[in-house]
Amino acid sequence: FNLQISFLEALNGTKKNLLVNDEPIEVEIPKGIQTGSRIRIKNKGNIQTGKNKRGDLLIEVSVKSHPIWTVKGLDIYSYLPISLDEIALGANIVVPTPHGDTYLLIPAGSLPEQKLKLEGKGFQYLDGQGDLFFILKLKLPEKWSNEELTLLEKLRSVRIDEPRSSWFDQA
């Protein structure tokens, strides 16, 4: 039997009511369950031919994908859009997590694709506890204001680092 559950149902655990062989069955889904995991319910499967007793019901769990969160083992990953000033100057911002909103400190001088970890905020399964990772993704505005462009011109005029110097040396 295949059972599809949501990301949050997998994270927090849930109960599902199923109808198997015209019999209602309540299934306890433990928190932290992963796609491909199986749950066995004794004596709730099909009637075994000639034995007049029921076999076990095997339920294979499939976790639906989520638009923001991706699961790898017990760890959860998400791309976090951040602005140019946040990546350069750092920031303490409110971010959503599967467990509720929290603050995340973005260190000054962070780089795009850098991973920031919230320890113990991933999936919990049996004795294991995963982490939550935010992967920084630089989000530039689609349209710049005149003041932003003026400030960027000022930044260009005082920049001391040539971004392509080592690249040219290797060419």
Point to revise | Amide H partners (placed H, <5 Å) of residue 124, local residues excluded | key: 32, 130
Revision key, fill the gap. Env charge @ residue 21, Cβ radius under 12 Å, K,R +1 / D,E -1, value 0
Study note, to complete from the structure: In whole Hz, the Karplus estimates of ³J(HN,Hα) for the stretch 40-48 (6.51, -1.76, 1.60; θ = phi - 60°; x where Gly or Pro) are 10, 10, 5, 6, 10, x, 6, 6, 7
**Study point:** Folded to 0 to 90 degrees: helix 146-158 orientation relative to the chain principal axis, Cα
**Key:** 70 degrees
Exercise for review: Could you pull out every residue, at least 5 positions away or on a different chain, whose amide H is within less than 5 Å of the one on residue 29? Hs are placed 1.01 Å off N in the peptide plane, and Pro or chain starts have none.
Suggested key: 14, 15, 16
Exercise for review: Provide the per-residue ³J(HN,Hα) series for the stretch 53-60, in order, calculated from phi with Karplus coefficients 6.51, -1.76, 1.60 and θ = phi - 60°, each as a whole number of Hz, with x at glycine and proline positions.
Suggested key: 9, 8, x, 8, 8, 9, 10, 9
Practice item. Mind jotting down the three principal axis lengths of the stretch 12-85 based on Cα atoms? Whole angstrom, largest first. Key: 72, 20, 15
Review point. Between residue 37 and residues 5 or more places away or on another chain, which pairs have amide H atoms under 5 Å apart, with H built 1.01 Å from N, and which residues are they?
Key: 61
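Quote the relative contact order of the chain in percent (integer), defining contacts as alpha-carbon pairs under 8 Å separated by 6+ residues. Display every interim value, and only then the final one.
Details: 289 pairs, mean separation 29.9, N = 171.
Normalised by residue count, the contact order of the chain is 18 percent.
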Review point. Using θ = phi - 60° and the Karplus curve 6.51 cos²θ - 1.76 cosθ + 1.60, what whole-Hz ³J(HN,Hα) does each residue of the stretch 20-37 get, with Gly and Pro shown as x?
Key: 10, 6, 6, 10, x, 9, 8, 10, 8, 9, x, 5, x, 5, 10, 4, x, 5
Point to revise | Spatial separation of Cα centroids for the stretch 1-62 and the stretch 92-108, in angstrom | key: 36 Å
Practice item. Enter the mean projected area of the convex hull around the alpha-carbon atoms of the stretch 7-49, in nm², rounded to one decimal. Key: 3.6 nm²
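Here, each number is a calculation from the coordinates, and none is a lab measurement. Bear in mind that the values here come from a model prediction, so they are computed numbers and not experimental data. Glycine gets a Cβ as well: all are built from the backbone with ideal geometry, and neighbour counts include every protein chain shown.
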